[in-house]
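Data block below; observations after.
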Amino acid sequence: MAVGEYKPGLEGVPATQSNISYIDGQQGILEYRGIRIEELCQHSNFLETAYLLIFGELPTAEQYATFVRDVTYRRRIKYRIRDMIKCFPESGHPMDALQSCIAALGMFYPLPDLHDPALIYDASARLIAKMPTIVATFHLMRQGNDPVPPRDDLDYPANFLYMLNEKEPDPLAARVFDVCLMLHAEHTVNASTFCALVTASTLTDPYTVLTSAIGTLSGPLHGGANEQVMKMLAEIGTIENVRPYLERKIKNKEKIMGFGHRVYKVKDPRATILQELAIKLFDRFGHDRYFDIALELEHQAKEYLGDKGIFPNVDFYSGLIYRKLGIPTDLFTPIFAIARTAGWLAHWKEQLADNRLFRPTQVYTGLHNVPYTPMEKRVSTSAGDGVTRMASSSLP
Ligand code: CMC
């Protein structure tokens, strides 16, 4: 078989066919099942959007009520999962905790038939339901507190904020959070979704599919960028420091976090919506000076990066919103994962419906027919540096 042209990062290479979401990166358009993201954010909520993504169309009133009931009913987590969380180091990253718990869930809820629609529905509702509970439970337990059980009378976003703070959130705060979840719910074949597809194609269960995806989302070039944005804004510190910071980064060829996208060559439409939401929140709950730094950074960065099509992405303003909602920085990416669960499950279901194992090829750049060198004749190369360093470490 002829080997095609190698594209680093598979840029522009279609990995699947999908009718779940669509991006026009030149015009800044994002649609879920054909519906523009702006329209969904205006009229829908996260659970309805999740249903739309996973099951292909907006639910009827009855389907919606059933789905909300089924998700609400599954919010609690088993005490064994709680006990497991108790053993995690408090300093561990919540993404690692979430990934471990989702892997463990698979042991409690085996799926005997991956193609049974009732079991697919059940697993989807369960994963959407339990992700927020796991994140909130880990957050409280790492501080030495008992977890706050979910409250069935609260809707999905309000319940998560309640479980984090043991306080019913202001309705505006809950609505803004709900829109954030919608904005992060799906985004075509990004790195974590691609990882989910590859894992799904082996016909493993959805808990394993999500475990893979969560791990992939955690990196700073993907979901972890929102956390890095807040660190960056803190490092910049003042409006006056924006320009020198930018110049230094550009000179050193370092990335500005929350900027750039493989597909969007204009400002990410989600960043525009988040920016508007941030203003609403600040009007109500007080200003955040980091927002001024962010605005100045966006303004100045145009001069340096605009010609390259590098503009703010979804991660640029989301952290500022979460900060105003009182959410700790290291929970930003887990929240991204809570939302993206909808998209991952939609792609899992779509992959199962027409599955073929992912097995790409490679362009081999190594040697051939290399003779085996006896140990006494081997010369050390830099490849062994890590081994030497580890061997001299005192860690067990
Ligand atoms: N700041 C400065 N320069 C950048 C940036 C940035 N944020 N992003 C890309 N560039 C430059 C890069 O230096 C390179 O320049 P040159 O051609 O002169 O070497 C050029 O643009 C292409 O960069 P790339 O990294 O090859 O492009 P990519 O398509 O792989 O980039 C990206 C996509 C998201 C990895 C990248 O823009 C980036 O690292 N951004 C910062 C991290 C970030 O905000 N990630 C969140 C992405 S959106 C949400 C999500 O998917 O999770």
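Among the residues of the range 177-215, those identified as within 10 Å of GLY343 (Cβ to Cβ) and not hydrophobic (A, V, I, L, M, F, W, C) are HIS184, GLU186, HIS187, THR188, ASN190, SER192, THR193. Quick one: would you say LEU203 is out of contact with any Asp or Glu (no Cβ under 7 Å at 6 or more places or on another chain), in the same structural domain as ILE134 (by TED's automatic domain parsing), assigned to a loop (DSSP other than H, G, I, E, B) and not polar (S, T, N, Q)? Yes; evaluated as a whole, the condition is true for this residue.
Only one of these is touching a Pro at 6+ places or on another chain (Cβ under 9 Å), in contact (Cβ under 8 Å) with a residue 40 or more places away in the chain and assigned to a helix (DSSP H, G or I): ILE293, ILE273, ILE335. Name it. It would help to see each step written out before you state the result.
Values: ILE293 fails: touching a Pro at 6+ places or on another chain (Cβ under 9 Å); ILE273 fails: touching a Pro at 6+ places or on another chain (Cβ under 9 Å).
Being touching a Pro at 6+ places or on another chain (Cβ under 9 Å), in contact (Cβ under 8 Å) with a residue 40 or more places away in the chain and assigned to a helix (DSSP H, G or I) holds for just one of ILE293, ILE273, ILE335, which is ILE335.
Across the range 213-240, the number of residues qualifying as hydrophobic (A, V, I, L, M, F, W, C) and part of a loop (DSSP other than H, G, I, E, B) comes to 1.
In the range 227-262, of all residues being near the ligand (Cβ under 8 Å from one of its atoms) and among the aliphatic types (A, V, I, L, M), the one that is farthest from ALA294 (Cα to Cα) corresponds to ILE250. Of the set (1) at pLDDT below 95; (2) within 16 Å of LEU320 (Cβ to Cβ), all apply to VAL263 but (2).
How do the helices (runs of 4 or more DSSP H) wholly within the range 6-122 filter down when requiring 3 or more residues that are open to solvent by 50 Å² or more (accessible area, probe 1.4 Å) and in the same structural domain as PRO157 (by TED's automatic domain parsing): which remain?
Numbers: elements: 37-43, 46-55, 61-73, 79-86, 94-108.
Result: 37-43, 61-73, 79-86, 94-108.
Close Cβ contacts (under 8 Å, 6 or more residues apart or on different chains) running from residues in the range 178-196 that are at positive phi and outside any loop (DSSP other than H, G, I, E, B) to residues that are of a type in the set (Gly, Ala, Ser) and open to solvent by 10 Å² or more (accessible area, probe 1.4 Å) are absent.
Looking only at the range 207-223, filter to residues that are over 15 Å from ALA97 (Cα atoms) and near the ligand (Cβ under 10 Å from one of its atoms); which one of those is least open to solvent (accessible area, probe 1.4 Å)? Applying the filter and picking the extreme gives GLY223.
Looking across the range 229-280, the residues that are closer than 18 Å to PHE336 by Cα and either open to solvent by 60 Å² or more (accessible area, probe 1.4 Å) or touching a Leu at 6+ places or on another chain (Cβ under 7 Å) (or both) come down to LYS231, PHE259, PRO269, ARG270, ILE273, LEU274, ALA278. Taking TYR322, is it in contact with a Cys (Cβ under 8 Å, 6 or more places away or on another chain), open to solvent by less than 20 Å² (accessible area, probe 1.4 Å) and more than 10 Å from the ligand (Cβ to nearest atom)? Judged against the criteria, TYR322 is a match. Being under 22 Å from TYR156 (Cβ atoms) and either open to solvent by 100 Å² or more (accessible area, probe 1.4 Å) or touching a residue at least 24 places away in the same chain (Cβ under 8 Å) (or both) is not true of ILE310.
Here ALA125 meets each of (1) farther than 19 Å from THR208 by Cβ; (2) open to solvent by less than 20 Å² (accessible area, probe 1.4 Å) with one exception, condition (1).
The values are calculated or read from the model by the stated rules, or taken from the named source; none is laboratory data. As the structure is a prediction and not an experimental result, all values here were calculated from the model. Positions of Cβ are backbone-derived with ideal geometry, glycine not excepted, and every protein chain shown enters the neighbour counts. Ligands, DNA and RNA are stripped out before the accessible areas are found, and what is left, the full protein with its side chains, is counted by its heavy atoms. Shrake-Rupley method; radii C 1.70, N 1.55, O 1.52, S 1.80 Å.
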